[in-house]
Amino acid sequence: MSADRVINFEKHGDRVRQRLLAARVKPFLMRRTKEEVAPELPERTVIDKTIRLEGAQAALYESIRTTMDRQVREAIAAKGISASQVAIFEALLRLRQVCCDSGLVKLDAARKVTASAKRARLLALQEDLVAEGRKVLVFSQFVEILRLIERDVAARGWGYAILHGSTKDRDAQVEAFQSGGLPLFLASLKAGGTGLNLTAADTVIVYDPWWNPAAEHQAMDRTHRIGQDKPVFVHRLIAENTVEAAIQRKQAQADALFEGTGRRPLGLTDEDIDALFGAG
């Protein structure tokens, strides 16, 4: 495949080129999908829910985006994109924190922002799911977010279990949820992404999607595994016109090429920097 066609795939998201490239490399890839290993599993449906940042939270995001954009471009101009990975990652982290909740951002300006569009959407979603009698897993990469969600959940009187790196009674938390008495299980992606059997759940909420799909799929697999007898619904909360949405567009290209192969995102380019840190 010629270089101009590869560029077309990267730049324009050309679906035809994606399929052609995937077909070219498929004979060299060895993989077994979950459907092949456990065809008896019920269906899993993934739903992306877009959330618009508004008011003070949107203004804070734009202020930090402008600052991060300048700092990243200065780092790249001085050292090149390959040597600027730390600066890029730190900038992405800061922007993702604003998307999740301004309370994660340790700046004076952020302390004045009390509203969180994503937490509000999560609470509304949980309200509906708990009323329907669903059993729900909520995953986040940020323990601080889990503590904020825990506070919201406790204030509404919903029963819950929680698991993160500091949890000492891991087995007790899992048993409390699996036994049927609690509607919610809050877990950090790192602590709860592997080694758990949570088949009592029928719903998964990924609060802050990232471009490591392997981690997300491991989280989903806590409930969508052998022993599950109910259809599973996965809700991914994505802040609209932000770095989260840009990351998901980038990941879609990686998924098209590396589906089922221990995925990883494609290398960042100058155009990616424009997409990640440019105005939405």
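The values are calculated or read from the model by the stated rules, or taken from the named source; none is laboratory data. On a predicted model such as this, the values are computed, not experimentally measured, just so you know. Positions of Cβ are backbone-derived with ideal geometry, glycine not excepted, and every protein chain shown enters the neighbour counts.
Taking the stated definitions as given, is residue 196 modelled with pLDDT of 75 or more, among the aliphatic types (A, V, I, L, M) and more than 25 Å from residue 157 (Cβ to Cβ)?
Working: modelled with pLDDT of 75 or more: yes; among the aliphatic types (A, V, I, L, M): yes; more than 25 Å from residue 157 (Cβ to Cβ): yes.
Spelling it out, residue 196 is indeed modelled with pLDDT of 75 or more, among the aliphatic types (A, V, I, L, M) and more than 25 Å from residue 157 (Cβ to Cβ).
I'd like to check something: does region 134-143 contain any residue that is farther than 23 Å from residue 221 by Cα and among the hydroxyl-bearing types (Ser, Thr, Tyr)? No - not one qualifying residue is present in region 134-143. Within the set 133, 181, 165, the sole residue that is touching a residue at least 12 places away in the same chain (Cβ under 8 Å), surrounded by fewer than 18 Cβ atoms within 10 Å (Cβ to Cβ) and under 20 Å from the mean Cα position of the chain (by Cα) turns out to be 165. A Cβ distance below 8 Å, combined with a sequence gap of six or more or placement on separate chains, defines the contacts here; from region 43-65, residues that are crowded, with 19+ Cβ neighbours inside 10 Å reach residues that are of a type in the set (Asp, Glu) in the pairs 51/240; 53/240. For region 75-93, the set of residues classified as surrounded by fewer than 20 Cβ atoms within 10 Å (Cβ to Cβ) and under 22 Å from the mean Cα position of the chain (by Cα) consists of 85, 86, 87, 89, 90, 93, listed by residue number.
Kindly check whether there is at least one residue in region 177-188 that is assigned to a loop (DSSP other than H, G, I, E, B), in contact with a Ser or Thr (Cβ under 9 Å, 6 or more places away or on another chain), farther than 23 Å from residue 243 by Cβ and of a type in the set (Ser, Thr, Tyr). No, region 177-188 has no match at all. Every condition in (1) closer than 19 Å to residue 279 by Cα; (2) out of contact with any Leu (no Cβ under 6 Å at 6 or more places or on another chain) holds for residue 78 except the one numbered (1). Just to be sure, is residue 141 in the same structural domain as residue 203 (by TED's automatic domain parsing) and buried (at least 17 other Cβ atoms within 10 Å of the Cβ)? So residue 141 passes the test.
From the list 23, 77, pick out the single residue that is at pLDDT 70 or above, over 30 Å from residue 200 (Cα atoms) and not aromatic (Phe, Trp, Tyr). When all the criteria are applied, what remains is 77.
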